[in-house]
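In what follows, a single structure is set out as structure tokens and then discussed.
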Amino acid sequence: MESFRDLICFKLGSATRRIQKYYNNRYGEYGITIAQSFILFSLLESDGLSIKNLAERLNIDSSAITGLVDRLEKESLVERRVDPKDRRSFSIFLTNKGKNLAETVLPIAVEFNEKLKTNLGEEQEESLKTFLCEIEKLEA
């Protein structure tokens, strides 16, 4: 029998924890986490998203997004605005402070991504992307 440490799910979890630790250490001086950075990056690409839209883009539960947005709003990095089309709904927008922070920390993510790509090589990168896409399709 193989060791639990040889299970793909264990290896993925271990790699994920290392990546999160790397980013959280790098982003710590800016007062954000990796999960918060993804919200900032998402809004940098497309400002004014709803909680539901953010949840879909980031593949995170809406309740978790709400907590992350609450913390970002408390730090004046994002703001909620009533959706003019549906007064029961809010859109999330970057503040100037949030936009500046997103633009400041995005190069950290790009740099790490480039490091991974360099270490993998083109063929392995494509295989890894395909593998990860297949995992995303699995039913939880």
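None of the figures in this text is laboratory data; all of them are computed from the coordinates on show. Note that the structure is predicted; figures quoted are calculated from it, not measured. All Cβ positions, glycine included, derive from the backbone under ideal geometry; neighbour counts span all protein chains shown.
Among the listed residues 2, 29, which satisfies the condition of being within 20 Å of residue 96 (Cα to Cα) and loosely packed, with under 12 Cβ neighbours inside 10 Å?
Result of the check over 2, 29: 29.
Please determine, by comparing only the residues of the range 59-78 that are among the aliphatic types (A, V, I, L, M) and assigned to a helix (DSSP H, G or I), which one is surrounded by the fewest Cβ atoms within 10 Å (Cβ to Cβ).
For the range 59-78, the residue satisfying everything is 64.
So, in the range 89-138, how many residues would count as being free of Cβ contacts under 8 Å to residues at least 60 places away in the same chain, in a helix (DSSP H, G or I), under 27 Å from residue 67 (Cα atoms) and of a type in the set (S, T, N, Q)?
3
Can residue 74 be described as closer than 30 Å to residue 133 by Cβ and free of Cβ contacts under 8 Å to residues at least 24 places away in the same chain?
When the stated conditions are applied, residue 74 does not pass them.
The conditions are (1) surrounded by 14 or more Cβ atoms within 10 Å (Cβ to Cβ); (2) under 26 Å from residue 18 (Cβ atoms); (3) of a type in the set (Val, Ile, Thr); (4) out of contact with any helix residue (DSSP H, G or I) (no Cβ under 7 Å at 6 or more places or on another chain), and residue 95 fails exactly one of them. Which is it?
(2)
Starting from residues that are in a helix (DSSP H, G or I), aromatic (Phe, Trp, Tyr) and touching a residue at least 24 places away in the same chain (Cβ under 8 Å), keep the ones in the range 1-58 and report whichever is nearest to residue 85 (Cα to Cα).
41
Condition test on residue 44, is it surrounded by 11 or more Cβ atoms within 10 Å (Cβ to Cβ), more than 20 Å from residue 23 (Cβ to Cβ) and not acidic (Asp, Glu)?
Spelling it out, it is not the case that residue 44 is surrounded by 11 or more Cβ atoms within 10 Å (Cβ to Cβ), more than 20 Å from residue 23 (Cβ to Cβ) and not acidic (Asp, Glu).
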